[in-house]
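Below: one structure, written as structure tokens.
The values are calculated or read from the model by the stated rules, or taken from the named source; none is laboratory data. Quantities reported herein were computed from a predicted structural model and do not represent experimental measurements. Cβ placement follows ideal geometry from the backbone for every residue including glycine, while neighbour counts extend to all protein chains displayed. All accessible areas refer to the heavy atoms of the entire protein, side chains included, with ligands and DNA or RNA removed. Shrake-Rupley method; radii C 1.70, N 1.55, O 1.52, S 1.80 Å.
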Amino acid sequence: PIDQVKRMETQRQSHRRTSLRLFEMAKPTLAALPGAAAGAGFSMALACDMRIAAETAIMSTAFAKVGLSGDYGGTYLLTQLVGPAKARALYLPGERLDMAAALRPGLVNWVVPAAALETKSMEIARRLASGPRVAHRFIKDNLNRALKASFADCLDMESANLMQLRDTEDHKEAALAFAEKRAPTFKGR
């Protein structure tokens with residue numbers, strides 16, 4: 001049926017416009033979780049580079065509980081993050097995780113009191129935004145490619161990216177700042 005094919009293509013494009021875009025974005029991405037991150041919200045949070053959560057938040061794959069299999073790349077991302085056995089243990093029963101349980105395997109990077117979530121999120125975001133944007137892009141590229149490349153290929157990729165970064169203004173500024181014992185001022189060049 002044509003309608004089924006069209007719906008599947010619409011869903012596929014939605015996944016790519018959100019999760020894949022977050023995952024491949026040249027800039028670091030940070031998910032701030034004030035409450036529930038379940039189902040698609042869980043998957044999209046995993047597509048971000050880092051996650052910060054209020055201690056009152058919860059995470060759940062939730063799909064099995066509603067008779068679905070997963071979306072927005074959650075099965076891939078969770079398997080890469082925690083390994084296949086733990087991913088199965090989280091997806092198949094679809095149980096809720098509190099943030100202490102989510103922190104242990106690295107589903108979230110920071111857990112803070114709910115009242116501090118916005119302040120801490122902005123602190124992290126500002127630190128990333130004022131950092132070496134070109135280097136961040138290459139770091140993300142290295143890490144994303146490492147998910148599907150051999151160790152030898154990763155070494156080659158790191159070498160190529162490192163050589164490109166050595167010629168950037170940001171690297172030269174960082175080296176000078178280190179020698180002068182001051183914080184560098186990055187310009188993204």
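Quick notes on this structure:
- Some residue of segment 88-105 being small (Gly, Ala, Ser) and under 22 Å from Leu20 (Cα atoms): no
- Meets criteria (of a type in the set (Val, Ile, Thr), open to solvent by 50 Å² or more (accessible area, probe 1.4 Å), closer than 30 Å to Lys187 by Cα and part of a helix (DSSP H, G or I)) for Thr119: yes
- Conditions (1) surrounded by fewer than 12 Cβ atoms within 10 Å (Cβ to Cβ); (2) under 28 Å from Thr75 (Cβ atoms); (3) more than 19 Å from the chain's Cα centre (by Cα); number of the one not met by Met157: (1)
- Residue in segment 93-104 that is at pLDDT below 90, on the phi < 0 side of the Ramachandran plot and either more than 18 Å from the chain's Cα centre (by Cα) or exposed (fewer than 14 other Cβ atoms within 10 Å of the Cβ) (or both) present: yes
- Selection status of Lys187, farther than 30 Å from Pro34 by Cα, among the charged types (D, E, K, R) and in contact with an Asp or Glu (Cβ under 8 Å, 6 or more places away or on another chain): yes
- Residue within segment 167-179 that is of a type outside the set (Gly, Ala, Ser), within 22 Å of Tyr76 (Cβ to Cβ) and open to solvent by less than 70 Å² (accessible area, probe 1.4 Å) present: no
- Long-range neighbours under 8 Å by Cβ, at least six apart or interchain, first residue among the polar types (S, T, N, Q) within segment 134-156, second surrounded by 15 or more Cβ atoms within 10 Å (Cβ to Cβ) and at pLDDT 85 or above: Asn144/Phe23
- Of the residues making up segment 91-128, those that are of a type in the set (Gly, Ala, Ser) and either farther than 21 Å from Ser43 by Cβ or free of Cβ contacts under 8 Å to residues at least 40 places away in the same chain (or both) are Gly94, Ala100, Ala101, Gly106, Ala114, Ala115, Ala116, Ala125.
- Yes/no for Phe138 being out of contact with any Ser or Thr (no Cβ under 6 Å at 6 or more places or on another chain), open to solvent by less than 30 Å² (accessible area, probe 1.4 Å), assigned to a helix (DSSP H, G or I) and more than 30 Å from Gly35 (Cβ to Cβ): yes
- The residues on offer are Ala125, Ala146, and the sole one that is in contact with a strand residue (DSSP E or B) (Cβ under 7 Å, 6 or more places away or on another chain) and open to solvent by less than 70 Å² (accessible area, probe 1.4 Å) is Ala125.
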